[in-house]
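Please read the structure below before turning to the comments.
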Amino acid sequence: MGQSKTVWDNPAEIIRHQKPDHPVMAFAPQVLQDNARRYVAGFPGLVTYAVKSNPEEVVIQNLLAAGVRGFDVASPFEIDLIGRLAPSAARHYHNPVRAGWEIDHAVAAGIRAWSVDSRSELDKLFARVPTATDRGAVEISPRFKLPVLGAAYDFGSKFGATPDLAAELLAEVAKRGYTPSLTFHPGTQCTDPVAWESYIRVAAEICDMAGVRAVRLNVGGGFPSHRVMGVEPDLPAIFAKIGETAAEVFGESLPELVCEPGRGLCADAYALITRVKSVRDGSNVFLNDGVYGGLTELPIIGNIDRIQVLTPQGLPREEDLHPRVIFGPTCDSVDRLPGEMALPAAIEEGDYVIFHGAGAYSTVTNTRFNGFGAMTHATVMSLA
C-alpha cells in the first residue's frame, strides 16, 4: 500500500502514497471542532449532537473537546455510548417511540429528558418513568409537526403530533408533575431560516392552548451541511432567526432553547475517497462505493456535488466536464446516484472521485452487500 502515516496532510496525499483500492473515509478533526465551536458560540441555547448521524467515538471525543455538552440519543446503544464517553453530558432520549424494555433501560441509565408524540406512548412513560431522579427533575417534551417547508424530506411522515394533540399532551405532562417542554424537527438539510420560524410560532400557540409555559423548546435538527459547490449554509442567519422569533412570540415566557444538529455538525468534517472501477463505453462511471456503502443517503437527499476527480498521482482532472451516470460496485441496478453528475471527459479507470461533506449517515449505514464496502478510515490535517 505504500507509505503509512498516522495523520495525512489531505486526501490527495493519501491517494498519491497509498493508491487505495477500497473506499477511504478521510476525517479532519480540526474541521469538526471548528464547526462545533461555531454552533456553541452562535446558537442561542444548548447544543446537543444527534449521535445517530455519526456515532464514531472519535467524533464524540472531538465534539467534547470543542465544548459540546449535550447529546440526542435515540437507542439504548447510544445512551450507553454517551454514558461511557461523556458521563457528565446531557442525554436527551428523543426517539418518541420505545419498547417497554428500552424505557426501563433508559431510566436505569439516568435519562431525564424524553420526547413523545402520542397518547399511548405518553401512557407508557407515565407508567415507567419517575417525575424526578436523584440528579433532578424529569422532562417530557411533546413533539409536534407541521407541513414540510424548505427541507430535503419530511420527518413528519413518521413522527410528530398535530398542534392540537401536542397541546393536550403538554397539559397532561404538566398535570402529572413532569417538567413540560416542547420539541420539533423541521426536516433535514433545511437551508431557509423560515423553516424554524414557522415551528416556533406554532410552539407558542401550543403553549397558549395548553395553558402551560414550556420550560425548554428543542428546535430539532435539520441544520444543513455544505452539499452544493459555491453555496455555503448561512448558519448565523438561521441562529439569528431562531433567537429573534422565540423572543418575539414567547416574550417573558421565553423557554430555554435547545438544538440537536447531526449532519450540520459532522458531515463537512469528512471526505469519502472512491475509485473508478470502470468507464463503460466512455459513458457510465462505476465506482468502488455506492448507495449500499458510504453514499447511501444520496438517493434520498440528493447528490453532493462538492466533488474532486484526481488521477492516481493525486493530480486534479478538471477539464471538459460532462454529465455522467454514476453507479456503485454491486450487482443491484438501484445502486446508482440520482440523476447525472458533471465529471471530466478524460476520467478513466483507476482515477479517484472524492465526495466532500460525506460524514453524515455514511459510516454508520455502510453495508457489506455483495462483499463490497470494505471502508477504511484515515485522519487528515485538512480536506483541501
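The values are calculated or read from the model by the stated rules, or taken from the named source; none is laboratory data. Because the structure is predicted, anything quoted here is derived from the model rather than measured. Don't worry about glycine lacking a Cβ; one is built from the backbone with ideal geometry, like all the others, and counts go over all protein chains shown.
So here's what we get for this one:
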{"item": "Residue count for the range 158-179, restricted to those that are of a type in the set (Lys, Arg) and closer than 12 Å to VAL116 by Cα", "result": "0"}
{"item": "Test: VAL51 is closer than 30 Å to HIS105 by Cβ, buried (at least 18 other Cβ atoms within 10 Å of the Cβ) and among the hydrophobic types (A, V, I, L, M, F, W, C)", "result": "yes"}
{"item": "Residues that are farther than 13 Å from LEU287 by Cβ and hydrophobic (A, V, I, L, M, F, W, C), drawn from the range 340-357", "result": "ALA342, ALA345, ALA346"}
{"item": "Residue under evaluation GLY110, criteria (1) in contact with a strand residue (DSSP E or B) (Cβ under 8 Å, 6 or more places away or on another chain); (2) buried (at least 19 other Cβ atoms within 10 Å of the Cβ), criterion not met", "result": "(2)"}
{"item": "Residue check for ALA74: more than 17 Å from the chain's Cα centre (by Cα), surrounded by fewer than 24 Cβ atoms within 10 Å (Cβ to Cβ) and of a type in the set (A, V, I, L, M)", "result": "no"}
{"item": "Considering residues of the range 180-214 that are farther than 17 Å from TRP114 by Cβ and hydroxyl-bearing (Ser, Thr, Tyr) only, the residue surrounded by the fewest Cβ atoms within 10 Å (Cβ to Cβ)", "result": "SER198"}
{"item": "Flag if THR245 is polar (S, T, N, Q) and assigned by TED's automatic domain parsing to the domain that holds VAL353", "result": "no"}
{"item": "Total residues in the range 272-291, condition of a type in the set (Ser, Thr, Tyr), modelled with pLDDT of 95 or more and farther than 22 Å from ALA28 by Cβ", "result": "1"}
{"item": "From the options LEU343, LEU337, residue that is farther than 30 Å from TYR49 by Cα, of a type in the set (A, V, I, L, M), modelled with pLDDT of 95 or more and surrounded by 13 or more Cβ atoms within 10 Å (Cβ to Cβ)", "result": "LEU343"}
{"item": "All positions within the range 336-384 that are more than 25 Å from ASN62 (Cβ to Cβ), of a type in the set (Ser, Thr, Tyr) and part of a loop (DSSP other than H, G, I, E, B)", "result": "THR367"}
{"item": "Residue list for the range 313-334, restricted to those being surrounded by fewer than 15 Cβ atoms within 10 Å (Cβ to Cβ), on the phi < 0 side of the Ramachandran plot and over 28 Å from the mean Cα position of the chain (by Cα)", "result": "GLN313, LEU315, PRO316, GLU318, GLU319, LEU321, HIS322, PRO323, CYS331"}
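Matching residues to (1) more than 19 Å from the chain's Cα centre (by Cα); (2) modelled with pLDDT of 85 or more; (3) assigned to a strand (DSSP E or B); (4) crowded, with 18+ Cβ neighbours inside 10 Å:
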site	(1), (2), (3), (4)
SER115	no, yes, yes, yes
SER120	yes, yes, no, no
ASP123	yes, yes, no, no
ALA127	yes, yes, no, no
PRO130	yes, yes, no, no
SER141	yes, yes, yes, yes
LEU149	no, no, no, no
GLY156	no, no, no, yes
